[in-house]
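Student: Once you've had a glance at the structure underneath, I'll fire off some questions.
The values are calculated or read from the model by the stated rules, or taken from the named source; none is laboratory data. Computed from a prediction, not measured in an experiment: that's the story for all the values here. Note that each Cβ is placed from the backbone with ideal geometry, even for glycine, and that neighbours are counted across all protein chains shown. Heavy atoms of the whole protein, side chains included, go into the accessibility calculation; ligands, DNA and RNA do not. Shrake-Rupley method; radii C 1.70, N 1.55, O 1.52, S 1.80 Å.
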Amino acid sequence: AGHAIAHALWLPEIAIEQVTIAARENKEGFTAFSAEDSSRIVETRCAVRRHIGSLLAGRLAEVLRYGTDEGPATGSSDDLVRARNVAFVAVVHHGLDASMGELSLARSDEEDRALMPESLKQEVFARVREWLESARKETLEMLESHWQAVQTLAAELLEHEYVPGARVMDILRGCRGA
């Protein structure tokens with residue numbers, strides 16, 4: 001539910017097709033998006049940070065719901081890897097980090113990491129952590145302010161296992177008007 005609400009608020013130009021808690025392959029549930037819409041996005045610093053935030057939102061919603069001891073579950077580990085990779089690419093490939101400047105090491109991520117001098121690896125790691133932490137803080141604030149929508153969507157997912165994207169938007173509109 002956290003992923004879907006974050007995505008609906010922050011990346012509305014990429015339509016949500018469905019949200020489900022049904023397990024598929026190595027995922028314990030997922031939010032499906034329109035591939036056609038996502039190919040047209042220009043990724044600015046803000047858009048990339050919000051993309052990272054939407055990847056972290058499910059895990060962070062678990063923390064808000066269950067606390068740091070009971071949540072998050074291990075199911076969000078793939079989201080952490082994806083968030084880290086998005087931040088790494090923003091910093092190292094796209095030159096989006098203000099502190100790193102116009103850095104672009106246009107090889108594969110593994111090659112970049114292997115060929116970097118240790119001092120640059122440490123600086124990149126620090127910048128990636130900053131991107132992740134900034135996204136985490138912004139996402140927690142957003143989830144707290146839209147908690148009713150997260151809970152409503154979670155309840156519907158528990159009841160039906162699947163919610164169409166249009167219903168996610170209805171829930172969000174309904175909770176905003178409340």
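Student: Residues of segment 135-164 being touching a residue at least 60 places away in the same chain (Cβ under 8 Å), assigned to a helix (DSSP H, G or I) and among the aliphatic types (A, V, I, L, M), which ones?
Tutor: ALA135, LEU140, MET142, LEU143, ALA149, VAL150, LEU153, ALA154, LEU157, LEU158
Student: Okay, next question. Out of all the residues in segment 125-149, which are under 16 Å from the mean Cα position of the chain (by Cα), closer than 17 Å to VAL81 by Cα and of a type in the set (D, E, K, R)?
Tutor: ARG129, GLU130, GLU133, ARG136
Student: From the set of residues in segment 1-26 that are of a type in the set (Gly, Ala, Ser) and open to solvent by less than 40 Å² (accessible area, probe 1.4 Å), which is modelled with the lowest pLDDT?
Tutor: Among residues in segment 1-26 that are of a type in the set (Gly, Ala, Ser) and open to solvent by less than 40 Å² (accessible area, probe 1.4 Å), the one modelled with the lowest pLDDT is ALA22.
Student: Taking segment 72-121 only, how many residues are modelled with pLDDT under 90, open to solvent by 40 Å² or more (accessible area, probe 1.4 Å) and either among the polar types (S, T, N, Q) or at positive phi (or both)?
Tutor: Going through segment 72-121 one residue at a time, the tally reaches 6.
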